[in-house]
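Here the structure comes first, spelled out in C-alpha cells, and everything after it is commentary.
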Amino acid sequence: MIITFATQKGGAGKTTLAIAFANYLWETSQRKIKAYDFDFQKSFFNKWKEDENSELPRLYEVELIGDDEEEQPFADLEKIISLKESEEIYLFDLAGTLDQKYSDLLIYSDFIIIPFEYSDVSVKSTLVFKNLLGLLESEAERIFIRSKYDKGYKYLNQKEMDIEIAKYGTLIENPVYKRNCLQTINTRKLTYEQRYAIKKPFNKIIEQISGVLQITL
C-alpha cells in the first residue's frame, strides 16, 4: 500500500503530519511501515537520523530519495506496482512543489493525504494541486486534512473552500489544531499531548483507508 503526503505549497505542516501519521500507524496497525523522504529539504529523513541518538527503539526505516535522476528507485512502474500490492505500508513525503519526477507516485498512490490551511495562498495552491491530480488522471483516493487550525479564529473562506474540496476527495471533519507539542515531534514515539492532537483526524483517515480497501489496518 502506498500512502503519499503531498501538497503544492510548503509550510502546511506536511512533514510534521507525515511523521505523526507514521508513528500513529505503527501504534495502531500490525503492518510493517517504511517511509521515503522525497522532499529536497530532507526534514523527515534528517529527523529520523537525529533520533538515532535516542534510547527509544526504532519504529520504521526512512529512506532518502536522492536528487540525481539515476538514483530514483521509482522510475520503474513495476516497482511502484509491487509496493501497491504489498501488505506493508509505504509512506512517501513529497516536496511542496510540482515536479515531474513525482508524477508516477501521484498517479499510482493508493491514497494522497493533502494538508491545507485556510490562508489565501494555501487555498489557491491546494486548488492548483487538485487540478494537477486531475490532469495526471491520478488513481489515488484524495484525503484533505485541515492543518494548523486555529479553533478561536473565524476563517471567512472556510465554507466555500470546504464545498469545493469535497467535490474532489474526502475532507476529514476533524482538523489538526495548532498545538505547540507537534513542533517537537520525533520518529520514535508520540507523547500523550501529540497523540491527543492527532488522534481524531487520523482515526478518520484510517477509517477511510480501511473502508476503501476493505482491510483492517
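The values are calculated or read from the model by the stated rules, or taken from the named source; none is laboratory data. As the structure is a prediction and not an experimental result, all values here were calculated from the model. Neighbour counts are summed over all protein chains in view; Cβ atoms, including those assigned to glycine, are modelled from backbone coordinates with ideal geometry.
The set of residues from the stretch 106-128 being part of a helix (DSSP H, G or I) and either free of Cβ contacts under 8 Å to residues at least 24 places away in the same chain or over 14 Å from I145 (Cα atoms) (or both) comprises L106, I107, Y108, D120, V121, K124, S125, V128. Summed over the stretch 140-161, residues that are under 12 Å from the mean Cα position of the chain (by Cα) and either at pLDDT below 90 or among the β-branched types (V, I, T) (or both) total 2.
Checking F92 against (1) part of a helix (DSSP H, G or I); (2) closer than 23 Å to V176 by Cα: exactly one of these is not met. Which one? Result: F92 passes all but (1). Only one of the listed residues (T4, T16) is assigned to a strand (DSSP E or B), within 15 Å of I113 (Cα to Cα) and touching a residue at least 24 places away in the same chain (Cβ under 8 Å). That residue is T4.
All conditions in (1) part of a loop (DSSP other than H, G, I, E, B); (2) in contact with a helix residue (DSSP H, G or I) (Cβ under 7 Å, 6 or more places away or on another chain) hold for Y153, with the sole exception of (2). Of all the listed residues (L182, L135), the sole one being more than 25 Å from Y60 (Cβ to Cβ) and either touching a residue at least 40 places away in the same chain (Cβ under 8 Å) or not aromatic (F, W, Y) (or both) is L135. A search for C-beta distances below 8 Å between a residue of the stretch 147-176 that is at negative phi and any residue that is small (G, A, S) and part of a loop (DSSP other than H, G, I, E, B), counting only pairs 6+ apart in sequence or on different chains, returns S147/A12; S147/G13; P175/S147; V176/G13; V176/S147.
With Y153, Y149 as the choices, which residue is touching an Asp or Glu at 6+ places or on another chain (Cβ under 9 Å) and aromatic (F, W, Y)? Please lay out each step first, then the result.
Numbers: Y153 fails: touching an Asp or Glu at 6+ places or on another chain (Cβ under 9 Å).
None of the other options fit; the residue is Y149.
Of I205, I209, I163, I215, all but one fail to be farther than 16 Å from A22 by Cβ and in a helix (DSSP H, G or I); the exception is I163.
Is there a residue being of a type in the set (G, A, S) and surrounded by 15 or more Cβ atoms within 10 Å (Cβ to Cβ) anywhere in the stretch 150-165? Scanning the stretch 150-165 turns up no residue that is of a type in the set (G, A, S) and surrounded by 15 or more Cβ atoms within 10 Å (Cβ to Cβ).
Search the stretch 176-193 for residues being over 16 Å from the mean Cα position of the chain (by Cα) and of a type in the set (V, I, T), and hand back the single one that is farthest from R146 (Cα to Cα). If we take residues in the stretch 176-193 being over 16 Å from the mean Cα position of the chain (by Cα) and of a type in the set (V, I, T), then T191 is farthest from R146 (Cα to Cα). Residues in the stretch 190-197: is at least one basic (K, R), modelled with pLDDT of 95 or more, surrounded by 14 or more Cβ atoms within 10 Å (Cβ to Cβ) and assigned to a helix (DSSP H, G or I)? The answer is yes; a qualifying residue exists.
If you go through the stretch 3-23 one residue at a time, do you hit one that is over 30 Å from Q158 (Cα atoms) and surrounded by 14 or more Cβ atoms within 10 Å (Cβ to Cβ)?
Taking the stretch 3-23 as the starting set, the residues that turn out to be over 30 Å from Q158 (Cα atoms) are none.
Within the stretch 3-23, none of the residues are over 30 Å from Q158 (Cα atoms) and surrounded by 14 or more Cβ atoms within 10 Å (Cβ to Cβ).
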